[in-house]
1. Please tell me if Val49 is open to solvent by 60 Å² or more (accessible area, probe 1.4 Å) and either among the hydroxyl-bearing types (Ser, Thr, Tyr) or within 11 Å of ligand 1 (Cβ to nearest atom) (or both).
2. Looking at Glu146 and the list (1) open to solvent by less than 10 Å² (accessible area, probe 1.4 Å); (2) near ligand 1 (Cβ under 10 Å from one of its atoms); (3) assigned to a strand (DSSP E or B), which single condition is not satisfied?
3. Within the range 67-122, restricting attention to residues that are more than 20 Å from the chain's Cα centre (by Cα) and β-branched (Val, Ile, Thr), which residue is farthest from ligand 2 (Cβ to nearest atom)?
4. Specify which of the listed residues (Cys196, Cys151) is in a strand (DSSP E or B), within 14 Å of ligand 2 (Cβ to nearest atom) and under 24 Å from Trp99 (Cβ atoms).
5. Given Val173, Val112, which one is more than 7 Å from ligand 1 (Cβ to nearest atom), in contact with a strand residue (DSSP E or B) (Cβ under 8 Å, 6 or more places away or on another chain) and not in a loop (DSSP other than H, G, I, E, B)?
6. For Ala217, are the conditions met, namely being small (Gly, Ala, Ser), closer than 23 Å to Leu359 by Cα and within 15 Å of ligand 2 (Cβ to nearest atom)?
7. Could you tell me whether Leu382 is within 16 Å of ligand 1 (Cβ to nearest atom) and either modelled with pLDDT of 95 or more or part of a loop (DSSP other than H, G, I, E, B) (or both)?
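The values are calculated or read from the model by the stated rules, or taken from the named source; none is laboratory data. Predicted model, so just to flag it, every value in this text is computed and none were measured. Here the Cβ is made from the backbone with ideal geometry for all residues, glycine too, and neighbour counts use every protein chain on show. Ligands, DNA and RNA are stripped out before the accessible areas are found, and what is left, the full protein with its side chains, is counted by its heavy atoms. Shrake-Rupley method; radii C 1.70, N 1.55, O 1.52, S 1.80 Å.
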Amino acid sequence: KYAFWGTQPVAQFSEAGGEAPEGPIDVPKTVAEVRQEPYTLPDSFEWCVCDLRDDAVAHEVYELLSNNYVEDDDNMFRFNYSSGFLKWCLLCPGHTLDWLVGVRVKASRRLVGFISAIPAHIRVGGGPGAGAEGGPAGGREVRMVEINFLCVHKKLRSKRLAPVLIKEITRRVNLRDIWQAAYTAGVLLPKPLATCRYFHRSLNPRKLIDVGFSRLAPRMTMARTIKLYKLPDEPLTPGMREARPEDAPKLVPLLNDYLARYRLTQVFNEEEVAHWFQNIDNVVQAFVVEDPAAPGSLTDLVSFYALPSSILGHPEHTELRAAYLYYTVPGATPLKQLVNDAMIMAASKGYDVFNALDLLQNELFLKDLKFGAGDGQLHYYLYNWRLAGNASLTPQEVGLVLM
Ligand code: MYA
Ligand code: JJ1
């Protein structure tokens, strides 16, 4: 069990908590000690860098993922990240092309494997006090990477390629003097720092039921269901507008001060805020509330990203348009109202479903805004970092949203 993960500097299921101090799991190393040569792939494969600035390469990564990436438990839906999304997400501030790692078949040049890293300042640990009314949690800010989009072509599964991809990206990240990573996965690995659940709010219930994403509730008709989920056409919060790059200086303290209460979160600088909270059709939407009584003062933030799924084997529908709640900062406006407005915006843009995790303060609105629990979980992991006593976190202590 866990032939690979058992050898890695990650929290193990077997460990007792007790004495373990907070911090790196591995003995600290220097860049000079990092292996210079790439890890060896089986003979017929080679490494490549996927330069997503090149549309043809972005399309190759898109194709690999759209045919081979994450599916739900019943293989009815598969994530279908757009190439615009991949560019937004992977060509972020501080990105390193060397960390967009591909595996190609030597003979055909066909892309059959991928893994990515992007840099982030992650704050982790600290005291309780996270959650609804919590003060600052404290903890330590650690320069990390976020790992995502690990994918091996379906025809090449179970050949132990994934561990080679993971070791190779670790080496490339270590070469830049970074020794920790954060990542999420639907599968259980040693050992989650936290486990969150997905929640779903129907925007287009007829289509969701048609494609088997949801079902008609007992004693409900289609007409009553459509009425139940109907939303207004326009957001209800006065002063809500799309975020602009010039908002970044004001959003940095708004966002970081709010996230200070969590025990696992990202710390954003101005350039990062301008990048992550922008508006790109079918990729990401970010809205701020500009106090109508005090023009120029920003009180709240709400955002979501677009992650459609392919509908597998349905006669009519091929794509499920899903919006995923990203970060929300309730300042002057109640959280519930901000998220309701985000859903209104998503519905008016033609999204079929609005998804959220049970992290941050999301429990405050899930029920009232008619979200229902999904069948998927999302485990949060750290590489080469343990919390004091090998502690884990509740979903409500997590303030980190990855793509
Ligand atoms: S999560 C999304 C992952 N992608 C998918 O689920 C897409 C569909 N599936 C596939 O493409 C393949 O099944 C993958 C595995 C590629 C996932 N994370 O090659 P194998 C372990 C980590 O024979 P395959 C995301 O992107 C498995 O337990 N490990 O298997 C975040 C076994 O190890 P062990 C995983 O099925 C990724 C070994 O791989 C995952 O052909 C974070 C088997 O390898 C998984 N999701 O390929 C990666 N699934 O023997 C870690 C299986 O021990 C980053 N495995 O049980 C770590 C930090 C690195 C940077 C550090 C810097 C300092
Ligand atoms: O989308 C998901 N589940 C859906 C579809 C289930 C289809 C059958 N398996 C679901 N639908 C019910 C919705 C219903 C709406 C009305 C109210 C009640 C609920 O539950 C799940 C999440 O729940 N998604 C997945 O399983 C996809 C994989 C999740 C792991 C993600 C890994 C991320 C990778 C790394 O970064």
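1. It is false that Val49 is open to solvent by 60 Å² or more (accessible area, probe 1.4 Å) and either among the hydroxyl-bearing types (Ser, Thr, Tyr) or within 11 Å of ligand 1 (Cβ to nearest atom) (or both).
2. Of (1) open to solvent by less than 10 Å² (accessible area, probe 1.4 Å); (2) near ligand 1 (Cβ under 10 Å from one of its atoms); (3) assigned to a strand (DSSP E or B), only one is false for Glu146: (1).
3. So, considering only residues that are more than 20 Å from the chain's Cα centre (by Cα) and β-branched (Val, Ile, Thr), the one farthest from ligand 2 (Cβ to nearest atom) is Val105.
4. Cys151
5. Val112
6. no
7. yes
Every residue, every condition in (1) under 19 Å from Ile115 (Cβ atoms); (2) surrounded by 21 or more Cβ atoms within 10 Å (Cβ to Cβ); (3) out of contact with any helix residue (DSSP H, G or I) (no Cβ under 7 Å at 6 or more places or on another chain), yes or no:
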site	(1), (2), (3)
Lys155	yes, no, yes
Arg171	yes, no, yes
Leu175	yes, no, no
Ala185	yes, no, yes
Glu242	no, no, yes
